[in-house]
Amino acid sequence: MRTLLWAERLKLKRSKILWIAVFSAIMVTFIVFMQGQFQYYGHRYIDKATWYMTATQSLGSLYVFPAIIALMGSYMICREDQDDTMKSLVLVPVSISNLIRAKLIITSIFSVVLYTFLFVVTLTVEAALHISLLDFGMVLGFAKIYLLEGICLFVAVSPVIAVVYGLKKGYWLALIFAEMYSFLGLFIGQSTMRFIYPITAAFCVAGYYETTTVQFVISLCSLLACGGLSLLLLHGLNRKRDIY
Amino acid sequence: MLNLVQTEFLKLRRRKFVWLMLLAALLMPLVAIFYFGALSTIEIMPMQFYKWTALSYTPWIILPFVLGMLCTMLMYDENQNDMLKELWIIPVSKMGYFFSKFMIVLVYSLCFMLLTAVSSILAGVLPGMIVFTNDSVSFLLIKCLEVGVLTPFAMLPVLAVAASQKGYILPVCVTIVYTFLGFILLMVNMYIHPLSSTTAIIMRNIPGVVMEEPVHLGKAFLCIGIWGIASTIWARIALSKGK
């Protein structure tokens, strides 16, 4: 498994997708900063301490990052078929199940790293604007929200990656499905269903929404169900491929 | 030019996914059934319903995203399969090629918005949520046509990015960021981003929508025009370089 993870890391280094993801993250921070210039009752949004960190995390997680994470995961998995390198890997021989597992682990790490990067950028901007209003506990709270959001969002979109892998129609399909999936979260986030719907459940587990213990457990179960579903789907697909 | 457009339409027949993307037009009307269904005790005005189903998130996010994907798909296959060389040998004019793709996006956008309009009417009238009135329906159709015509022009930068790239990772990521930027800038300055300008033009006379200041149509069209021309020039340069 370690060899597979090492190989995947090297493959990613050659790919432009990492830079595109970083570019997307920087653009999100820039766009939210622009939104912060909007005046509401004579005050700019960004003048309020922690607004920037809260808005970047929520807007990015609803509109941009689920699609980017799903694209990354499906790109890593589907490119072996699209570039016709899967045959060579099978000849090595590499277990397809282990290969897919390694790719999913790398995607989850990527998701956490993306959110860590986002946290560092937003914290820097926030510190530059309101250093005196930030305290250590608050920063730690946001660090927890960002890191948990990264891992939970990966789990929430993992069924999309598995479905796209099964469809074998191209990895950009993941982007469309994930965008629709996260977009619906915008409406479901306003209802009581937000503890169940995986995208908004990720917000609940991360601590963005205030939850009771029961609601937290429901959200956690929803995410675990998502993770379980994707593992089942991938296991089924891998078994089918192993036969051939 | 007409031959090119006709060829593009013939190519579309092979792409089932392009037609499947039209289903996204039903998303907001379906969400509206549940949303307004929960407010069953309140009387819903047709205009309020249509504003929600066809004139909010659809032109702000759903349509730009779908058109961005379409632009990428239209450009990607020929780039990937190295068919552009053969097209240049015929010879097909580079701008003719670019605008034939744009025509497809324009027609697709119109079909998408008409489907949104029809599904909005059906989603409101069939469950008995709103009353069918000629005024509101004709207003909805006019607004949907406005959205359908203007949004493809606002999406020209994405088409240019797709034309300049061989892969589709960058164009699809640009689509997401571009759409998100247009949506956010709507609240900051409407005349910087073509999508925000398009929204400003659409919102100018919708009953119940209060703008901070009256919409300046000239500035909005100027913004769309400048971005459109710059994108066309960029696409022309990129296609000439053969990238």
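Every read-out reported here was derived from the displayed coordinates using simple, explicitly stated rules and does not represent laboratory data. Just so you know, these numbers come straight off a predicted model, no measurement behind them. All Cβ positions, even for glycine, are placed from backbone atoms using ideal geometry, and neighbour counts span all protein chains on display.
Values computed for the structure shown
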{"quantity": "Pairs of alpha carbons in the range A:194-235 whose separation is greater than 14 Å (percent)", "calculated": "41 percent"}
{"quantity": "Chain B, helix-only ellipticity at 222 nm - DSSP H runs n ≥ 4, -39,500 (n - 2.57), divided by all residues, nearest 500", "calculated": "-23500 deg cm²/dmol"}
{"quantity": "Calculated FRET efficiency for the pair residue A:225/residue A:30, C-beta based, R₀ 45 Å, to 0.05", "calculated": "0.80"}
{"quantity": "Alpha-carbon radius of gyration plus Dmax, which is the widest Cα pair, for chain A in Å", "calculated": "19.1, 67"}
{"quantity": "Anchor residue A:87: aspartates and glutamates whose Cα lies under 17 Å away (excluding residues fewer than 8 positions away in-chain)", "calculated": "A:8, A:242"}
{"quantity": "Residue B:82-residue B:13 FRET efficiency (beta carbon distance; Förster radius 35 Å; 0.05 resolution)", "calculated": "0.95"}
{"quantity": "Estimated FRET transfer efficiency (residue A:232, residue B:133; beta-carbon r; R0 41 Å; 0.05)", "calculated": "0.25"}
{"quantity": "Of the trypsin sites (Lys or Arg not before Pro) in the range A:129-218, those whose Cβ has at most 14 other Cβ within 10 Å and which sit in DSSP loop", "calculated": "A:168, A:169"}
{"quantity": "Hz values of 3J(HN,Hα) by residue in the range B:177-189 - Karplus curve (6.51, -1.76, 1.60), Gly and Pro given as x", "calculated": "5, 4, 5, 4, 4, x, 5, 6, 5, 3, 8, 9, 8"}
{"quantity": "Compactness of the range B:2-241, expressed as Rg and Dmax over alpha-carbon positions, Å", "calculated": "18.9, 66"}
{"quantity": "Dimensionless Rg over Rh [the range B:48-113; C-alpha; Kirkwood]", "calculated": "1.15"}
{"quantity": "Over the protein assembly as shown, volume per residue of the alpha carbon convex hull, in Å³", "calculated": "175 Å³"}
{"quantity": "In the range B:4-38, trypsin sites (Lys or Arg not before Pro) in a DSSP loop with at most 12 other beta-carbon atoms within 10 Å", "calculated": "B:13, B:14"}
{"quantity": "Cα pair count fraction exceeding 21 Å, expressed as % - the range B:77-175", "calculated": "51 percent"}
{"quantity": "Under Karplus coefficients 6.51, -1.76 and 1.60, residue-wise ³J(HN,Hα) of the range A:124-134 in Hz, glycine/proline x", "calculated": "4, 5, 4, 5, 5, 8, 9, 4, 6, 8, 8"}
{"quantity": "Across A:11/B:166; A:16/B:85; B:51/B:143, pairs whose alpha-carbon gap is larger than 21 Å", "calculated": "A:16/B:85"}
